[in-house]
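The structure appears right after this line, and notes come after that.
Coordinate-derived values only; no laboratory data. What you see is a predicted model, and the numbers here were worked out from it, not measured in a lab.
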Amino acid sequence: MQGVTLLADYFVLCNAESTPQFGAIQDEVQKQAKAAGARSVHVEGEPASGWVLLDYSSVVVHIFDPELRAYYNLEGLWKDARLVVRIQ
């Protein structure tokens with residue numbers, strides 16, 4: 001996101017297929033961020049809404065239901081940002 005927006009340096013976008021998977025991804029991101037010394041600025045959303053956002057200031061993690069990810073199309077919205085890695 002560097003050079004495209006001041007919101008964050010990196011966006012991480014991922015899918016969760018179920019409520020337990022949302023929880024597992026969120027828990028692991030929070031655990032790894034804490035171990036790396038990152039402080040959470042804000043957490044927004046609930047698995048039932050289909051979108052959970054974890055804000056670590058320079059890194060923002062978006063956990064999406066696949067349908068909502070396609071609907072909001074953040075990859076298209078921020079297409080001018082450099083893609084660092086894509087895992088499928």
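Summary table
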item: Cα gyration tensor, the chain - rounded (a/c under 1.5), prolate or oblate; result: oblate
item: Most mobile of Leu74, Leu53, Leu13 in a GNM of the chain (Cα contacts under 10 Å); result: Leu74
item: Calculated from backbone phi, Karplus (6.51, -1.76, 1.60) coupling profile of region 75-88 in Hz, x at Gly/Pro; result: 4, x, 4, 10, 4, 7, 6, 6, 7, 8, 8, 10, 10, 10
item: Extension gain, Leu74 back to Cys14 (0.36 nm per residue minus Cα-Cα distance, nm); result: 20.5 nm
item: Selected from Pro47, Pro20, Pro66 as most flexible by GNM, with the chain as the system and alpha-carbon contacts under 10 Å; result: Pro20
